[in-house]
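*Asks:* Below is a structure I'd like to ask you about.
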Amino acid sequence: MLGTFYRSPSPTEPPFVEVGKRVAADDPVCLIEIMKLFNTVNAGVDGVILAMAVENGTMVETNDILFLVKID
């Protein structure tokens, strides 16, 4: 299923994460909008964000890589 990737909770708020930020498995890292429903995506692992693989507002689908994370 296709959805739209968003780095922040709203256009006026800062992104959930930046490159170099340490995240815990339950930390939110982005939102995916599917049919007007916004789904929070958690990191899923403990580590450090190394890179963002998609741009804000980009269409993504299941199994797309969103972030590169160096796992602790």
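*Asks:* Cβ contacts < 6 Å: first residue among the charged types (D, E, K, R), restricted to the stretch 9-37; second residue in a loop (DSSP other than H, G, I, E, B), any location; separation 6+ or different chain. Result?
*Replies:* Note: pairs meeting the criteria are 27/43.
*Asks:* Among the residues that make up the stretch 7-21, is at least one of them in a strand (DSSP E or B) and surrounded by fewer than 14 Cβ atoms within 10 Å (Cβ to Cβ)?
*Replies:* So far as the stretch 7-21 goes, no, none of its residues is in a strand (DSSP E or B) and surrounded by fewer than 14 Cβ atoms within 10 Å (Cβ to Cβ).
*Asks:* Do we find that residue 71 is more than 11 Å from the chain's Cα centre (by Cα) and either surrounded by 11 or more Cβ atoms within 10 Å (Cβ to Cβ) or at pLDDT below 95 (or both) in this structure?
*Replies:* For residue 71, the condition - more than 11 Å from the chain's Cα centre (by Cα) and either surrounded by 11 or more Cβ atoms within 10 Å (Cβ to Cβ) or at pLDDT below 95 (or both) - is not met.
*Asks:* Which pairs have Cβ atoms under 9 Å, sit 6 or more apart or on different chains, and link a residue in the stretch 53-72 that is of a type in the set (Asp, Glu) to one that is loosely packed, with under 11 Cβ neighbours inside 10 Å?
*Replies:* Qualifying pairs under 9 Å: 61/1.
*Asks:* Do you know which of the residues in the stretch 33-62 that are part of a loop (DSSP other than H, G, I, E, B) and of a type in the set (Ser, Thr, Tyr) is nearest to the chain's Cα centre (by Cα)?
*Replies:* Of everything passing the filter in the stretch 33-62, 58 is nearest to the chain's Cα centre (by Cα).
The values are calculated or read from the model by the stated rules, or taken from the named source; none is laboratory data. Small disclaimer: the values here were computed from a predicted structure and weren't measured. So basically every Cβ, Gly included, is an ideal-geometry build from the backbone, and we count neighbours across all protein chains shown.
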